[in-house]
Amino acid sequence: MMQKLRWILLILAVVPLAATTAHVVELPNKLLMDGPLWLAVQQRLYRGWGPAIAPFEIGAIALAWVLVWRSRGQVPSFGLSLIAAVLFSLCLAVFFGMNRPVNLAFARWTAATLPADWQAWRLQWELGHALSFVLWLMGFCALVRTMVLDRVARSIPPGPRRRTLG
């Protein structure tokens, strides 16, 4: 059952990883955009991202915590599952602390009402997504490591294990 849950989590987690990867890849070019163009991209290109990606992110976070609960007492599964769950959860905190305030602000802007400090808002939004990428990638790697170690553990036959030199 744990293996199936991990696979479901892996599938859920890959969508937010892909989205944050896209943000990081776009970052250098978006930092070169002028204000009206950047605002147009924000207001049009990303309009459907939240409803499409949030269910995967929330599902991955919730399932990661389920795996933490189900793997308690198992070494190293518990520790790696805990790392993944904490890192995924931190992405949600980054979103609410860094990205959502910008989303709410630029939803009211037009090219004519773009504030003088729009570049600071842009930097906050871009850095929030870059930080989420790093956190999500590290959590994803912890999840994959858990799956690999579980697979290795299942491939070792039960019984006494011999120590070898060298």
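Readers should treat all values here as calculations from the given coordinates under stated rules, not as data from a laboratory. No experiment lies behind these values; they were computed from the predicted model shown. Every residue, glycine among them, receives a Cβ derived from its backbone with ideal geometry; neighbour counts consider all protein chains shown.
Observations
- Listed residue (ALA64, HIS129, GLN74) projecting farthest to the positive dipole end of the stretch 1-141, Cβ model: GLN74
- Likely footprinting exposure, LYS4, LYS30, fewest C-beta neighbours within 10 Å first: LYS4, LYS30
- Computed label-point distance, nm, for sites VAL66 and LYS4 using a 7 Å Cα→Cβ extension: 1.1
- Spin-label zone in the stretch 90-104 - amide nitrogen under 12 Å from a point set 7 Å from the Cα of MET138 along the C-beta vector: 90-91
- Sparsely packed chymotrypsin sites (Phe, Trp or Tyr not before Pro) within the stretch 118-161, loop by DSSP, other Cβ within 10 Å at most 11: none
- Put a dot 7 Å past the Cα of LYS30, heading toward its Cβ, do the same for TRP49, and the two dots end up 0.4 nm apart.
- Each stretch of four or more DSSP H residues adds -39500 (n - 2.57); spread over every residue of the chain, this sum gives -25000 deg cm²/dmol at 222 nm.
- Within-14-Å neighbourhood charge of LYS4 [Cβ basis; K, R +1; D, E -1]: +3
- Packing-based ranking of 44-52, 142-150 yields 142-150, 44-52, ordered from highest to lowest mean Cβ neighbour count within 10 Å.
- Positive minus negative residues near ALA93 (Lys, Arg vs Asp, Glu; Cβ under 15 Å): 0
- Assuming charge only on the beta carbon of Lys and Arg (+1) and of Asp and Glu (-1), the dipole of the stretch 1-124 about its Cα centre is about 360 debye to the nearest 20.
- The residues neighbouring ARG70, those whose beta-carbon lies less than 14 Å from its own, together hold a net charge of +2 under the Lys/Arg +1, Asp/Glu -1 convention.
- Dipole-positive endmost among LEU87, PHE106, LEU31 within the stretch 2-153 (Cβ charges, Cα centre): LEU87
- Reciprocal of mean inverse Cα separation for the stretch 2-153 (Kirkwood radius, Å): 16.5
- For the stretch 26-166: relative contact order, % (alpha-carbon pairs under 8 angstrom, 6 or more apart): 32
- The label point for ARG154 and the one for LEU92, both projected 7 Å from the Cα toward the Cβ, are 2.8 nm apart.
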